[in-house]
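Report on the structure given below.
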Amino acid sequence: SQTIHQWPATLVQPVGSPLSLECTVEGTSNPNLYWYRQAAGRGLQLLFYSVGIGQISSEVPQNLSASRPQDRQFILSSKKLLLSDSGFYLCAWNIRTDTEAFFGQGTRLTVV
Amino acid sequence: DAKTTQPPSMDCAEGRAANLPCNHSTISGNEYVYWYRQIHSQGPQYIIHGLKNNETNEMASLIITEDRKSSTLILPHATLRDTAVYYCIVRAPAANFGNEKLTFGTGTRLTIIP
């Protein structure tokens, strides 16, 4: 069966520090991968999506970047965190555009 | 993805049927309607999807109007654990190139009242 792993679950980082959040999917090949951010009390904002290794589409200009070094690995990074980067970050995958998406349990990032 | 419109919040009494509406008036003929829900501080969970016909599974029923411009998610006997934000989205089949991105609106915050 397919599973998605996202870590860490919570993270407190100082302003100006780097960030690396990792997401891996097991049990499938060539998934579409997604990173979302959810600010407190807000909806899901799509940040990045990827249809294959090295193929990243960015939805919003921001302080973050994403990479897909392996087929089932998706990494969200920042060189210098801002206070506004605080939020709940979710990774998701699906196998086709018309199939259901499966989400990780999320990382709650607090930038202090 | 086609734009969807949902009420920002709804209340429902425990044990009653919760009916969550969604408008998708610009939906294309080959786009599916999907529903997800997000319980506080968790990742969204898939509930159900459909194209034209009404659908039912162990979690909910999905009623799609004949013109497909709106749909209703029905939770037949709501429990306190159904309190969550419910998202309605529409998705095109994989044959539509460039349609990979998966966007969510702000959803409906459903509160089940004891």
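The values are calculated or read from the model by the stated rules, or taken from the named source; none is laboratory data. All values derive from a computational prediction rather than experimental measurement. Cβ coordinates were reconstructed from backbone atoms using ideal geometry, including for glycine residues, and neighbour counts include every protein chain displayed.
Which residues, counting only those in the stretch A:21-45, are hydrophobic (A, V, I, L, M, F, W, C) and modelled with pLDDT of 90 or more?
A:Leu21, A:Cys23, A:Val25, A:Leu33, A:Trp35
Filter the stretch A:60-72 down to residues that are surrounded by 19 or more Cβ atoms within 10 Å (Cβ to Cβ) and more than 14 Å from chain B (Cβ to nearest Cβ), then give me how many there are.
2
Among B:Tyr46, B:Tyr36, which is under 30 Å from A:Cys23 (Cβ atoms), in a strand (DSSP E or B) and in contact (Cβ under 8 Å) with a residue 60 or more places away in the chain?
B:Tyr36
Restricting to the stretch A:24-59, name every residue that is surrounded by fewer than 19 Cβ atoms within 10 Å (Cβ to Cβ), of a type in the set (Gly, Ala, Ser) and farther than 23 Å from A:Thr110 by Cα.
A:Gly27, A:Ser29, A:Gly52, A:Gly54, A:Ser57, listed by residue number.
Checking A:Ile75 against (1) farther than 16 Å from A:His5 by Cα; (2) free of Cβ contacts under 8 Å to residues at least 60 places away in the same chain; (3) surrounded by 15 or more Cβ atoms within 10 Å (Cβ to Cβ); (4) not basic (Lys, Arg), which single condition isn't satisfied?
(1)
If the requirement is being more than 11 Å from every other protein chain (Cβ to nearest Cβ) and either among the charged types (D, E, K, R) or surrounded by fewer than 21 Cβ atoms within 10 Å (Cβ to Cβ) (or both), which of these qualifies: A:Thr10, A:Thr110, A:Thr99?
A:Thr110
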